[in-house]
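The values are calculated or read from the model by the stated rules, or taken from the named source; none is laboratory data. A quick note: this is a predicted structure, and the numbers were derived from the prediction, not measured. Glycine gets a Cβ as well: all are built from the backbone with ideal geometry, and neighbour counts include every protein chain shown.
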Amino acid sequence: MQSQVPFPNFMQMRQWLPLWVWHGIRIASVGVALALCITLIVLPDWGLYLFWRVLIPLVPLLFFVAPGLWRNICPMAALNQTPRLFEMTKGLVLPQWLKEYGYLIGISLFLALVSSRKVLFNYNGPALAILILLLLGTAFVMGSLFKGKSGWCSSICPLLPVQRIYGQTPFVTVPNSHCQPCVGCTKNCYDFNPPVAYLADMYDDDRHFAAYRKLFVGLFPGFILAFYTLPNPPAIPILAMYGYFVLYSLVSVGLFFLAESTVKVTANKLTVLFGAVALNLYYWFNAPVLANLLPTAIPTTSFVWPFRLLILGLTLFWIYRTWQKETKFVEQTVIPLTAHVGAQDSLVSHQASMVGNPEVLIAPEGKRIVATKGVTLLDLIEQNGLPIEAGCRMGVCGADPVCIVDGMGNLSKISSDERTTLERLGLAPNTRMACVARVRGHCKVSLTPEKPDLFSTSFIQGAKFDKSVEKVVIIGNGIAGVTAADHVRRRHPHCEIHLIGRERHHLYNRMAITRLIYGRSAMQGLYLLPEKWYDDYNITCWLNTQATGVDVDGQTVTLGTGETLPYDRLILTTGSSAYVPALEGADLTGVFVLRTAEDAMSIRDFVQERVCRQAVVAGGGLLGLEAAYGLHKLGLEVAVLERSGSLLRRQLDDRSGQILRNYLEGMGIQIVTEAESASLQDRRTTRHDDSRLGGGRIQQVTLTDGRTLPCDLFLICAGIRSNLTLAQSMGLTVKRGVVVDEQMRTNRPEIFAAGDVAEYKGQVLGLWPIAVGQAEVAAAGAVAPAGQADKTYSEIVPVTMLKVVGVDLTSIGVIGADGPTQSEIVLEEQEEHRYRKLVLDGNKVIGAILLGYPTEAAGVAEAVRQGLDVSKEIDAFKRGDWRWFVSLME
Amino acid sequence: MNTATFFDYPTLAQPAAIEATAFLASWSHSKWTKFFHYCQTLRFSDGDVLIAQGSTDRAFYLIAQGQFAVFAPHNPERQPRRLTVMEAGAVVGEQTFLDSQPAIGEVRAIGEAEALRFSHDAFAILAARDQEMAHDMLFDLGRLVSLRLRALMAER
């Protein structure tokens, strides 16, 4: 304990000796004092020699080195505490005047008695004996009357001022053994806390505390000098002697206050200096006296100077220690209330549990984060408030590349999805996607990925391309379009590639657009590729450009700008738009959809401009919930309307949907299930700004069951619809999307489609990884010689994640058993708010719901993708041991 | 200047003082364990910054091991003045956590040290999962800040 407390008090120090030993020593001490008095009366010369030539020269050194020892064995203190020991004290509180002036009385007694040595006590043994007996008697009487040590030791004892100065930074701290227990009798008690008592006096709010101490220490050197340099009466008249004492003391104290006024150090530092001067003066004159105690064989001179130097050295060290201590003391007093953990033991045991965990060093910030094994770098970085973007959290969007400076081998292995993303980004080989790189050991990570020199090596080795394909046009610059362009270039180094995008932005992280609602950095950080990427890959990018028509026979694309682009191959990646159901009032101001970055930024603008307070989000799917979270983070009251009975009905079963609902409601987001919007009503306002925009501003939504919810903003998240206008105008086969085969080829052999616009086997899934997979196949087919395409599309198991802080939710493939061969393993930890379900078909995992199990998610997804046989693991899975999935990714 | 704490008697006055400044003293070990689950552990070498002056990172820290020095606000060109040293168990940064205003001073490690970080996001998650714990925490942080305000007012 002592090591943790900067200034331990006597209760926090280890006692040197048992109490009974101290009592014995004190009895002996009183006995010695009484014996000395008898000696002074019976054999005055012996007594005077013993007292003035042996004891008194040593006492200041004892105060200086081990003041606590003196405080414990002082005969006056022993007698003062005797009544208390025998429970005979009245224990009175010291009168206020004595509290205030006790120290001054002690100073006065000291000065009067010491100066009177020259006229009386140095020569008169009986007088000295009487004085000692008087002091002992007074100490005893004051102890009988007053509480603790307040009547003598800590107030009017004439030795106290000297002890306070010399003993403020003990070389040896001997804890108080008198006060059992402490009765709190004295302010800034020396016995209670020796190292800070003097400092506490000096810094006390009552300025007199410091003033008395400054007065004494200021005059002390002059007083000592006077004592040892003035002749003794009768060589000097007695009055003159006292006058000189006063004069010397005044000059000394004058110097002190002059120094205090002019030298820019704290008053306490000056008291230390003056105390040091006083001690050195004292031993300058007493060194020869002490030398006389040595055996006569030792010459006096061989002791005096070394002893003086020893005292000087000790005081210099003492000055240094005391000044240092003052700094620490001030530090401890400036902040009066530092909060401390209420359960230190819990903190210690937690800390012990983290020993041995891997450490991730983030450069250049230099943050050293202790990781839980299996945590992703992204989670670790985000949880520590470091700047990083995030998107899919599955390694496919490319939002969070990081550079692994050291320890690549201590991360989980790279999955096929991540590898595809890394190839698209084309960064240095030491890059990992933070969202899927799981920590297994120590590593060093930089948040800035290193630039590549990879263009020449990013071609797909062995890929054959049709040299007659000279121009490839890709309509749509979302992830499908950019992936298609990337893979066309990797397979065909020479063809012209045109990438046409309606939006104003280069490829950005569409999965993170809800961050535009609540985040501060707008589009910054949302872009997934550097602008230079297009030049590096020799791709002509047309931003903010619409393809208005395609002449499929002439093989040209007409742009809205009037330009025409001929093509040999055309890839349609026109994506999808937000679906807006027929809804009365959907044209009101304040009604939004969320599909593009512009949509998200418009919502943020609107919330700020119109000071919105309440929002309703129609749709409890992934986008709806993420948008609701974004609006909640922006400070709005948010309600989510869900037509079915539970959230994320495509991704979750009832129980996991309920857990998620509880969490979101706990966060403050209102969830209204079985709620369908019937109409939106406006504010019917006449405000100028509303009329300027035309139409009224939304005020509330009315549900089909008649309920109403007030709102300033209504966001429709009702799903997507493929952008088919262009494809329809081209005469392509279109159902829900543009119908494609396994090579992503439309009914026109030179036209391909991929992503949200493509319909494969009757499905338009609208997921990022699927768009990537389809675009790769489309690119391969587009540039391959006829009949030699090396890639075909096979259905990808859909994996979805909800990107809301605190929700580690992954839904993979099939979410519920259906049919006699299928079964489920369902486990829930209610206390931890965690839930997991594995759906099996025979011995194969075909789907899962993982809520609160981020470490296992990637492995489960991999097992589902590969259709692995898990028959040997099923019992372990039922017991809750899913480490096998984790091991798949290591 | 308040020097009274140096003279607190361990068995009488000090428990009251400890109780007054103890953060979430009423929490059981299991609640603390749950709370630590929301914290991040950070390690520091001598001189590493725990809280930078002006930082608006909404998080507070529990010192788990070692010491951290608190420095007064300073001009970047000048040597900062050390105000105090915080030891294991101390809570630091709670003001910025509560008000999201820039940190006034700076906190740096003295030697090897370790601290647990509890962010505002972590609080949002805790509040969503366990409102009682979040309620306890918020009130206790408010109480500590209030006590500090009282102490400052008393000094004036």
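Suppose the filter is of a type in the set (Val, Ile, Thr), part of a strand (DSSP E or B) and surrounded by fewer than 17 Cβ atoms within 10 Å (Cβ to Cβ); does A:VAL826 pass it? Yes, satisfied. Restricting A:PRO194, A:PRO181, A:PRO221 to residues that are within 14 Å of chain B (Cβ to nearest Cβ), surrounded by 20 or more Cβ atoms within 10 Å (Cβ to Cβ), closer than 26 Å to A:GLU100 by Cα and not aromatic (Phe, Trp, Tyr) narrows the list to A:PRO194. In the stretch A:68-82, the residues that are over 20 Å from A:PRO195 (Cβ atoms) form Cβ pairs under 6 Å with partners that are assigned to a helix (DSSP H, G or I) and basic (Lys, Arg), at six or more places apart or across chains, as follows: A:ALA78/A:ARG26. Only residues that are within 48 Å of the chain's Cα centre (by Cα) and among the hydroxyl-bearing types (Ser, Thr, Tyr) were counted across the stretch A:523-570, and they come to 5.
In the stretch B:106-116, the condition of being touching a His at 6+ places or on another chain (Cβ under 9 Å) and either touching a residue at least 12 places away in the same chain (Cβ under 8 Å) or farther than 19 Å from B:THR56 by Cα (or both) is met by at least one residue.
Among the residues of the stretch B:57-84, count how many are over 20 Å from B:PRO102 (Cβ atoms) and at pLDDT 80 or above. Count: 6. Among the residues of the stretch A:826-877, those identified as within 29 Å of the chain's Cα centre (by Cα) and among the hydrophobic types (A, V, I, L, M, F, W, C) are A:LEU850, A:LEU851, A:ALA857, A:ALA858. Residues in the stretch B:79-105 that are buried (at least 16 other Cβ atoms within 10 Å of the Cβ), more than 11 Å from chain A (Cβ to nearest Cβ) and over 26 Å from A:HIS350 (Cα atoms): B:PRO80, B:ALA103. Has the stretch A:140-156 got any residue that is among the β-branched types (Val, Ile, Thr), without any contact (Cβ under 8 Å) to a residue 24 or more places away in the chain and either over 17 Å from A:PRO194 (Cα atoms) or out of contact with any Phe, Trp or Tyr (no Cβ under 6 Å at 6 or more places or on another chain) (or both)? Yes, some residue in the stretch A:140-156 is among the β-branched types (Val, Ile, Thr), without any contact (Cβ under 8 Å) to a residue 24 or more places away in the chain and either over 17 Å from A:PRO194 (Cα atoms) or out of contact with any Phe, Trp or Tyr (no Cβ under 6 Å at 6 or more places or on another chain) (or both).
Checking A:GLU365, A:GLU359 one by one, the residue that is within 25 Å of B:ALA109 (Cα to Cα), within 14 Å of chain B (Cβ to nearest Cβ) and in contact with a strand residue (DSSP E or B) (Cβ under 6 Å, 6 or more places away or on another chain) is A:GLU359 and no other. When B:LEU50, B:LEU42 are checked against the criterion of being assigned to a strand (DSSP E or B), surrounded by 15 or more Cβ atoms within 10 Å (Cβ to Cβ), modelled with pLDDT of 90 or more and facing chain A (nearest Cβ under 9 Å), a single residue qualifies: B:LEU42.
Within the span defined as the stretch A:321-336, one or more residues are within 14 Å of chain B (Cβ to nearest Cβ) and not in a helix (DSSP H, G or I). Scanning the stretch A:219-266 for residues that are free of Cβ contacts under 8 Å to residues at least 12 places away in the same chain and outside any helix (DSSP H, G or I), we see that the one that is farthest from A:PRO288 (Cα to Cα) is A:LYS264. Taking the stated definitions as given, is A:LEU347 facing chain B (nearest Cβ under 8 Å), modelled with pLDDT of 80 or more and under 25 Å from the mean Cα position of the chain (by Cα)? So A:LEU347 passes the test. Pairs are defined by a Cβ separation below 7 Å, a sequence spacing of at least 6 or placement on different chains, a first member in the stretch A:863-890 that is surrounded by fewer than 17 Cβ atoms within 10 Å (Cβ to Cβ), and a second member that is of a type in the set (Phe, Trp, Tyr) and at pLDDT 90 or above; the pairs so defined are A:ALA876/A:TRP884.
Hey, does the stretch B:58-78 have a residue that's more than 10 Å from every other protein chain (Cβ to nearest Cβ), surrounded by 18 or more Cβ atoms within 10 Å (Cβ to Cβ) and basic (Lys, Arg)? Looking for residues that are more than 10 Å from every other protein chain (Cβ to nearest Cβ), surrounded by 18 or more Cβ atoms within 10 Å (Cβ to Cβ) and basic (Lys, Arg), one finds none in the stretch B:58-78, hence no. Candidates B:ALA127, B:ALA113: the one that is under 26 Å from A:ALA363 (Cα atoms), crowded, with 17+ Cβ neighbours inside 10 Å and of a type in the set (Gly, Ala, Ser) is B:ALA113.
Checked against the criterion of being within 14 Å of chain B (Cβ to nearest Cβ), polar (S, T, N, Q) and closer than 19 Å to A:ALA78 by Cα, the stretch A:131-149 has no qualifying residue.
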